Amino acid sequence: MPLPPRVATVVLVTGDGALCGALPPFEVEAPWWHDAVPVVRGVRQRHGIEVTLLRMVDADRRGGGG
């Protein structure tokens with residue numbers, strides 16, 4: 001049974017923690033919720049910005065993959 005697509009929503013904050021907003025959700029090529037590299041790569045490719053992923057706020061693990 002194929003895994004459902006993984007969708008990431010990236011919330012942006014400044015270095016001192018001030019909320020800037022969120023990027024539009026996008027599908028990530030790796031189905032594993034704990035794999036951060038494809039999320040950072042997706043932001044770089046879609047928006048041309050560099051980000052550092054600090055933490056995941058929420059993950060739906062019903063689809064498997066980790």
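Summing +1 for each Lys or Arg and -1 for each Asp or Glu, what net charge is found among the other residues whose Cβ lies under 14 Å from the Cβ of ARG44? Mind dumping the intermediate values first?
Working: positive: ARG41, ARG46; negative: GLU29, GLU50.
Local net charge: 0.
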Residue by residue, what Karplus-based ³J(HN,Hα) values in Hz, rounded to whole numbers, does the stretch 3-20 have, using 6.51, -1.76 and 1.60 with θ = phi - 60° and x for Gly and Pro? 6, x, x, 9, 10, 10, 10, 9, 9, 9, 10, 7, x, 9, x, 6, 6, 9
Counting only other residues whose beta carbon sits under 15 Å from that of GLU29, what net charge do I get with K and R as +1, D and E as -1? +2
Once you have the Cα-Cα distance between VAL51 and ALA22, take 0.36 nm times their residue separation minus that, and quote the gain in nm to one decimal. 9.2 nm
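Quick note: the coordinates plus some simple rules give every number you see, no bench work behind them. Note that the coordinates shown come from a computational prediction; the quantities given were computed from them, not determined experimentally. All Cβ positions, glycine included, derive from the backbone under ideal geometry; neighbour counts span all protein chains shown.
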